[in-house]
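The values are calculated or read from the model by the stated rules, or taken from the named source; none is laboratory data. Note that this is a predicted model, so its numbers are computed, not measured. All Cβ positions, even for glycine, are placed from backbone atoms using ideal geometry, and neighbour counts span all protein chains on display. Calculation scope for accessible area: heavy atoms of the full protein, side chains included, ligands and nucleic acids excluded. Shrake-Rupley method; radii C 1.70, N 1.55, O 1.52, S 1.80 Å.
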Amino acid sequence: MEVSIWLANSWAILLAVAVFIYVVLDGFDLGIGILYPFFPEKRDRDLLMNSVAPVWDGNETWLVLGGGGLFAAFPMAYGIIMSALYAPIIAMLLALIFRGVAFEYRWRTKRWMKYWDRAFIGGSTVAAFSQGVALGALLQGIEVDGRVYGGGWWDWLSPFSVLCGLAVVTGYGLLGATWLVMKLEGDIQERARRLAWGFGLGTLAFIVIVSMFTPYLETAYYERWFTMPGLLFAAPVPLAVAAIAFAMFRSLNVHRHEYRPFLLALALFALCFVGLGISMYPYIIPTEVTIIEAATPFYSQIFMFVGACILIPIILAYTGYAYWVFRGKMDPNEGYH
């Protein structure tokens, strides 16, 4: 079977970018639901939901692209990962569906609104937590027997995967809070600013804790982070995380910027993705299956890659246009202005 190294790696980069864009876009969206309990008044909750109403359903396009691309370009990895992480992935999908239903139905009833609000909170939190658990389970290692999953039903559940789940919930809360700082004004913006500070500290703490445990999950991780030449690439990451976190907290409380905290929070997530890539590469299933071993033949990959290169700019264009149209602050009485 002819496999192109550059094409397989290009597909891996494309899928990583798609997942990152999903985390960026749906992260603050899910974060709004996670923050809902801190805004008990109906008027405030309406504002929170209206801030993402024009864009929320388009954000999940990138999740479909990531899953479909994994199936198309790396079907063996897709089969193993889905078999190993069946429970958290199904929980995530059901939570996203339930959350979407709650998003629409809460506007159509007064009697049942509080129950739909609870569904919105639960769906957002469970979806975020399930994503973190799936990531933690992938990082800690999946048992592979030949070309299929060789582990058990509960292998995904561990203290480390639960830790990653809590980290993602907290991180999405940070994205949601900084999004609200950017989109709202007045007293509700100040509350969002305080929440951003608290969730920011929590996110930073989880980054430190997860980073401390990760190198000891697999020997390959330890060698990548603490031996040469990997140390040359790994060492700047924690320094950059500290610098960006410092700038984010200053922009929240000292300079009181409105747009910069959200952008710095996104940069913090980007650095976490860089660290994840440093740990995992060249594996797609650490430390069992490499990107090259899981790749489909050259002609299959090139056919789909050309299609992806045509479709992704289109998706980026209409996504960017939607955010451009609904840019600016939320007016509590009129909507966007």
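Applying the criterion of at least 2 residues that are at pLDDT 85 or above and under 28 Å from T290 (Cβ atoms) to the helices (runs of 4 or more DSSP H) found wholly in the range 17-88 leaves 61-73, 75-84.
As a summary of the residue check, R147 satisfies the conditions (1) farther than 28 Å from A220 by Cβ; (2) open to solvent by 30 Å² or more (accessible area, probe 1.4 Å) except for the one numbered (1). Within the range 262-289, being touching a Phe, Trp or Tyr at 6+ places or on another chain (Cβ under 7 Å) and buried (at least 18 other Cβ atoms within 10 Å of the Cβ) holds for F262, S279, I284, V289.
Whether a residue is of a type in the set (D, E) and outside any helix (DSSP H, G or I) was assessed, and E185 passes this test. Quick test for you: out of G176, G122, pick the one residue that is assigned to a helix (DSSP H, G or I), touching a Leu at 6+ places or on another chain (Cβ under 6 Å) and closer than 18 Å to D46 by Cα. The match here is G176.
Every residue, every condition in (1) closer than 27 Å to L25 by Cα; (2) open to solvent by less than 90 Å² (accessible area, probe 1.4 Å); (3) free of Cβ contacts under 8 Å to residues at least 12 places away in the same chain; (4) among the hydroxyl-bearing types (S, T, Y), yes or no:
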| residue | (1), (2), (3), (4) |
| --- | --- |
| S211 | yes, yes, no, yes |
| Y221 | no, yes, no, yes |
| W225 | no, yes, no, no |
| L252 | yes, yes, no, no |
| H255 | yes, no, yes, no |
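Taken together, A72, A12, A8 contain a single residue that is open to solvent by less than 10 Å² (accessible area, probe 1.4 Å) and touching a helix residue (DSSP H, G or I) at 6+ places or on another chain (Cβ under 6 Å), which is A8. Here A245 meets the list (1) part of a helix (DSSP H, G or I); (2) modelled with pLDDT under 90; (3) not hydroxyl-bearing (S, T, Y) almost entirely, failing just condition (2).
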